[in-house]
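The values are calculated or read from the model by the stated rules, or taken from the named source; none is laboratory data. What you see is a predicted model, and the numbers here were worked out from it, not measured in a lab. Positions of Cβ are generated from backbone atoms using ideal geometry, with glycine treated the same way; all protein chains shown enter the neighbour counts. Protein only, heavy atoms only, side chains kept; ligands, DNA and RNA dropped before computing areas. Shrake-Rupley method; radii C 1.70, N 1.55, O 1.52, S 1.80 Å.
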Amino acid sequence: MKKRKIPMRKDIVTGEMAPKKELVRVVRDKENNVAVDPTGKMSGRGAYISLDVAIAKKAKKARTFDKAFEMKVDDSFYDDLIEYVDHQQARRELFENGN
């Protein structure tokens, strides 16, 4: 069987390359709205961050997405991002331990 290529993306907080499935995409659209993109298919400028709460909190502290998107990003977005990453991390642990 042919070995499939795993798409890699760079985490903008740590600078490390990781498989795309282990990261979450954050996108800025044409109207300068910043949102979490769980499907990875929304149009706009994208940046990736690891599914790790500590890294999401580090992104909030360093205002990483302000720099990546060259605009002021709302604090509420960072809070939503931390909540989303926490939820996804918990789901991953639940399903990995369940198998």
(request) Go through PHE95, PHE77, PHE65 for me and flag whichever is part of a helix (DSSP H, G or I), of a type in the set (A, V, I, L, M, F, W, C) and without any contact (Cβ under 8 Å) to a residue 24 or more places away in the chain. (result) PHE95
(message) Take the residues in region 58-73 that are basic (Lys, Arg) and farther than 20 Å from ALA90 by Cβ; name whichever of them is most open to solvent (accessible area, probe 1.4 Å).
(response) LYS61
(message) Please count how many residues of region 15-57 are crowded, with 17+ Cβ neighbours inside 10 Å, of a type in the set (A, V, I, L, M, F, W, C) and assigned to a loop (DSSP other than H, G, I, E, B).
(response) 1
(message) Just to be sure before I move on: is VAL13 closer than 16 Å to GLN88 by Cα and either among the β-branched types (Val, Ile, Thr) or at pLDDT below 95 (or both) in the structure I sent?
(response) no
(message) Exactly one condition in (1) open to solvent by less than 40 Å² (accessible area, probe 1.4 Å); (2) under 16 Å from MET71 (Cα atoms) is false for ILE12; which is it?
(response) (1)
(message) Take the conditions free of Cβ contacts under 8 Å to residues at least 60 places away in the same chain and part of a strand (DSSP E or B) and apply them to ARG9. Does it pass?
(response) yes
(message) Among the residues of region 41-62, what is the count of those that are touching a residue at least 12 places away in the same chain (Cβ under 8 Å), more than 10 Å from the chain's Cα centre (by Cα) and farther than 12 Å from PHE77 by Cβ?
(response) 8
